[in-house]
Amino acid sequence: MGNADSHDNAGFRESAGSKKNKARIQRLLDTLEAHHPDASTELDFGSPFQLLVAVILSAQCTDKRVNLVTAGLFARHPDPAAMARLSESELLEEIKSINFAPTKARHVARTCRILLEQHGGEVPNSREALEALPGVGRKTANVVLATAFGVPALAVDTHVFRVANRLGLVKSESVQEVERRLERIIPREKWSLAHHWLILHGRYTCTARKPLCERCPLTADCPEYAKLTKPGAGVKKLSP
């Protein structure tokens with residue numbers, strides 16, 4: 001598995017480095033930017049703490065559902081001190097309509113205590129400190145760093161992973177490798193924006209099961225679409 005992946009990666013690096021492919025990738029990025037000029041998170045929040053909680057709650061759950069829950073939650077418990085006054089069972093009651101609510105309630109409750117005990121009630125702005133919090137992995141840390149603190153970071157969620165591979169921006173089954181490769185081809189100052197471009201494209205156009213290719217502005221440079229429309233290709237599905 002490892003050797004095969006290394007072989008595929010080497011081939012991709014050679015392909016990605018060609019002048020023609022670099023131009024194709026730049027067109028894709030330019031088009032994504034043009035179609036999402038004001039791209040930002042669709043989660044509602046009013047502080048770094050609220051963003052952190054919202055992102056923890058958003059794992060395997062829609063932003064729409066999270067926003068419905070956090071509207072009341074944040075109004076009643078806007079900061080770590082207020083939220084820490086809730087028992088874990090009370091917090092669970094507040095977020096019970098969200099997927100994996102018991103685990104997330106435990107993570108958020110513990111996170112509030114850690115923020116109060118170790119960070120003066122503030123959300124830390126370092127990756128190491130963020131990833132030490134319960135329920136916070138690399139993706140969540142990247143979202144908080146980029147959105148709350150303006151630190152260049154490119155979070156890879158399921159939408160970013162799928163779209164980046166389908167468009168041939170990267171070719172990897174590893175989330176961290178996808179992140180590294182995207183960081184190599186996208187200017188550092190646009191990492192945070194690119195994260196939102198890819199998410200929005202994956203959420204509303206290049207969806208997992210039934211991508212809306214007929215309305216996609218990227219088909220001219222999409223290798224998956226080229227496979228689908230190749231003469232004699234027959235009926236095929238896009239790669240997940």
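Taking the range 159-173 only, how many residues are touching a residue at least 24 places away in the same chain (Cβ under 8 Å) and either polar (S, T, N, Q) or in a helix (DSSP H, G or I) (or both)?
So the answer is 8.
On the given criteria, is R138 surrounded by fewer than 19 Cβ atoms within 10 Å (Cβ to Cβ), in the same structural domain as R85 (by TED's automatic domain parsing) and within 23 Å of L52 (Cα to Cα)?
yes
Against the definition (assigned to a helix (DSSP H, G or I), of a type in the set (A, V, I, L, M, F, W, C) and within 20 Å of the chain's Cα centre (by Cα)), how does V136 come out, yes or no?
No, not satisfied.
Name the single residue that is surrounded by the most Cβ atoms within 10 Å (Cβ to Cβ) among those in the range 187-210 being at pLDDT 95 or above and in a loop (DSSP other than H, G, I, E, B).
That would be C206.
May I ask you to verify whether S40 is within 26 Å of L193 (Cα to Cα) and touching a His at 6+ places or on another chain (Cβ under 7 Å)?
Taking the combined requirement at face value, the residue satisfies it.
Kindly establish whether A153 is assigned to a loop (DSSP other than H, G, I, E, B) and more than 22 Å from A84 (Cβ to Cβ).
So A153 passes the test.
Is it the case that L182 is assigned to a helix (DSSP H, G or I), surrounded by fewer than 18 Cβ atoms within 10 Å (Cβ to Cβ) and of a type outside the set (S, T, N, Q)?
In short, no.
What's the number of the condition Q176 fails, among (1) in the same structural domain as L28 (by TED's automatic domain parsing); (2) touching a helix residue (DSSP H, G or I) at 6+ places or on another chain (Cβ under 7 Å); (3) of a type in the set (S, T, N, Q); (4) assigned to a helix (DSSP H, G or I)?
Q176 satisfies every listed condition except (2).
Does E42 meet the test of being in contact with a helix residue (DSSP H, G or I) (Cβ under 9 Å, 6 or more places away or on another chain), part of a helix (DSSP H, G or I) and of a type in the set (D, E)?
It is false that E42 is in contact with a helix residue (DSSP H, G or I) (Cβ under 9 Å, 6 or more places away or on another chain), part of a helix (DSSP H, G or I) and of a type in the set (D, E).
Any idea which residue in the range 59-98 is surrounded by the fewest Cβ atoms within 10 Å (Cβ to Cβ), counting only those that are in contact (Cβ under 8 Å) with a residue 12 or more places away in the chain and acidic (D, E)?
Looking at residues that are in contact (Cβ under 8 Å) with a residue 12 or more places away in the chain and acidic (D, E), I get E88.
Can you find, within the range 90-109, the residue that is farthest from R65 (Cα to Cα) among those that are of a type in the set (G, A, S) and either in a helix (DSSP H, G or I) or not assigned by TED's automatic domain parsing to the domain that holds G121 (or both)?
Among those that are of a type in the set (G, A, S) and either in a helix (DSSP H, G or I) or not assigned by TED's automatic domain parsing to the domain that holds G121 (or both), it is A109.
Conditions (1) within 21 Å of the chain's Cα centre (by Cα); (2) closer than 15 Å to A109 by Cα, marked per residue:
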site	(1), (2)
S47	yes, no
Q50	yes, yes
A54	yes, yes
L57	yes, yes
T62	yes, no
R65	yes, no
T70	yes, yes
L92	no, yes
I95	no, yes
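The values are calculated or read from the model by the stated rules, or taken from the named source; none is laboratory data. Computed from a predicted model, the values in this text were never measured in an experiment. Reconstructed Cβ throughout: ideal geometry from the backbone, glycine too, with neighbour counts over all protein chains shown.
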